[in-house]
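Undergrad: Below is the structure I would like to discuss, written out as structure tokens.
Quick note: the coordinates plus some simple rules give every number you see, no bench work behind them. Small disclaimer: the values here were computed from a predicted structure and weren't measured. Note: ideal-geometry Cβ built from the backbone for every residue, glycine included; neighbour counts use all protein chains shown.
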Amino acid sequence: MQISESRDGEVITLKIEGRVDTNSSPKLQEIILKSFQKVNQVVLDLQTCTYVSSAGLRVLLIGQKTAGAKKGTMKLIHVPEILMSVLKLSGFLKFLTIE
């Protein structure tokens, strides 16, 4: 997994490439939490993300809870269809913001 970060004012966008699995999810969690220390709006661009394991779903949950605690937002953009089906089956569509 590779993550590139860009900032536009008060929004940090994290472009995630590759697999978010047991090995890579701690790195993603750390970067999301550090981003929320800087701003209240974090965008995850999943266009080139190919896989999200249950550990990756946990990171999305932690990110969403952190956003709520900071009165901020976390949104997912460019979610591939295969990942969208995982989010739907896991029930994550109910509380994640996806565009």
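Undergrad: I need the peptides 89-95, 68-74, 26-32 ranked by packing, meaning the mean over residues of other C-beta atoms within 10 angstrom, with the highest value on top. Intermediate results must be reported in sequence, preceding the final value.
TA: Numbers: 89-95: 11.7, 68-74: 13.7, 26-32: 17.0.
Listed from highest to lowest mean packing, they are 26-32, 68-74, 89-95.
Undergrad: I need two numbers for the chain: Rg to one decimal and Dmax as a whole number, Cα atoms only, in Å.
TA: For the chain, the Cα radius of gyration and maximum Cα-Cα distance read 12.1, 34 Å.
Undergrad: Could I ask something else about it? So what's the net charge close to T13: Lys and Arg +1, Asp and Glu -1, counting the other residues with Cβ under 15 Å from its Cβ?
TA: Numbers: positive: R7, K15, K34, K38, K75; negative: E5, D8, E10, E17, D45, E99.
Here the count lands on -1.
Undergrad: While we're here: Rounded to the nearest 20 debye, what is the charge dipole size of the chain about its Cα centre when +1 sits on each Lys and Arg Cβ and -1 on each Asp and Glu Cβ?
TA: For this selection, approximately 380 debye.
Undergrad: Using the Kyte-Doolittle scale, which helices in the chain average at least 0.5 and also have C-alpha atoms spread 18 Å or more along the helix axis, with helices defined as whole DSSP H runs? Provide the component values of the computation, followed by the final result.
TA: Working: long enough: 25-38 (20 Å, -0.43); 54-69 (22 Å, 0.68).
Within the chain the helices that satisfy the rule are 54-69.
Undergrad: Can you tell me which of 16-23, 1-8 comes out highest on packing, and rank the rest after it, using the mean Cβ neighbours within 10 Å? Don't skip to the answer; put the middle values down first.
TA: On the way: 16-23: 16.5, 1-8: 12.8.
Peptide ranking by packing, descending: 16-23, 1-8.
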